[in-house]
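The values are calculated or read from the model by the stated rules, or taken from the named source; none is laboratory data. Since the structure is predicted, the reported quantities are computational estimates derived from the model, not experimental observations. Positions of Cβ are generated from backbone atoms using ideal geometry, with glycine treated the same way; all protein chains shown enter the neighbour counts. Ligands, DNA and RNA are excluded from the accessible area calculation, which covers all protein heavy atoms including side chains. Shrake-Rupley method; radii C 1.70, N 1.55, O 1.52, S 1.80 Å.
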Amino acid sequence: YSAGGVVARIAATQQPELYRKVVTLGSPHQGTTAADAGALFGQCPPACQQLRTDSPLLAELPAPAHPSDWLSLWSDTDAVIRPPDSSQLAGVVDYRLQQYCGGDIEHGALPTHPQSVAVVTAFLSGQALPSACVAS
């Protein structure tokens, strides 16, 4: 979740044999302008700097070796990861919540939102991902 998705990406890149599937929720794979703004005001420690949109760390991470084993789930209304589509990771299974469920789904709600739970459960169990909004 969030920056933890970037950590999972680093770990799976370094030791891919340890991971069968990787799920990221609202993770700034392309960086976030929130980190950019923090850096402008001197409020961005090293971990924050690694999440900037011009981050060398993010730029150097390779694409996943088995992209069908990766899920990137994200929300259009995430106010922390800006722009929200920076949570997309090229080539992997991409799930934008608003494609199936309307409304505001903020960053903090991603791990527990019923649609997120249904999507992650389906992905990890090898089932088709929900193509409609699930009941709360």
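Explain nothing, just the number: relative contact order of the chain, from Cα pairs under 8 Å at least 6 residues apart, as a whole percent.
22 percent.
To the nearest 20 debye, what charge dipole does the range 1-79 have about its Cα centre, counting +1 at the Cβ of each Lys and Arg and -1 at the Cβ of each Asp and Glu?
180
With contacts defined as alpha carbon pairs under 8 Å and 6 or more residues apart, what's the relative contact order of the range 66-116 in percent?
The normalised contact order for the range 66-116 reaches 42 percent.
Roll a 1.4 angstrom probe over the protein heavy atoms and tell me the percent of accessible area of the range 67-136 that is carbon or sulfur.
Looking at the range 67-136 in its full context, I get 54 percent from C and S.
Between the range 90-136 and the range 17-50, what is the C-alpha centre distance in whole Å?
21
Quick one: dipole size for the chain, taken about the Cα centre, charges +1 on Lys/Arg Cβ and -1 on Asp/Glu Cβ, in debye to the nearest 20.
220
Among GLN88, THR32, VAL134, flag the residue with its Cα farthest along the positive direction of the charge dipole of the chain, charges on Cβ as +1 for Lys/Arg and -1 for Asp/Glu.
Checked the options; the winner is VAL134.
Using only helices, what value at 222 nm comes out for the chain when you add -39,500 (n - 2.57) per DSSP H run of length 4 or more and divide by the total residues, to the nearest 500 deg cm²/dmol?
-8000 deg cm²/dmol
Considering the dipole of the chain built from charges on the beta carbon (Lys and Arg +1, Asp and Glu -1) around the Cα centre, which of PHE41, ALA12, SER116 is farthest to its positive end?
ALA12
Given a cut-off of 26 Å, what percent of all Cα-Cα pairs of the chain lie beyond it?
21
Taking only protein heavy atoms and a 1.4 Å probe, what accessible area per residue, in Å², does the range 47-106 have with all protein chains in place?
On a per-residue basis, 50 Å².
Long-range amide H contacts for VAL22: which residues qualify at under 5 Å (H placed 1.01 Å from N, peptide plane, sequence gap of 5 or more or a different chain)?
The list, which skips near neighbours in sequence, is TRP70, LEU71.
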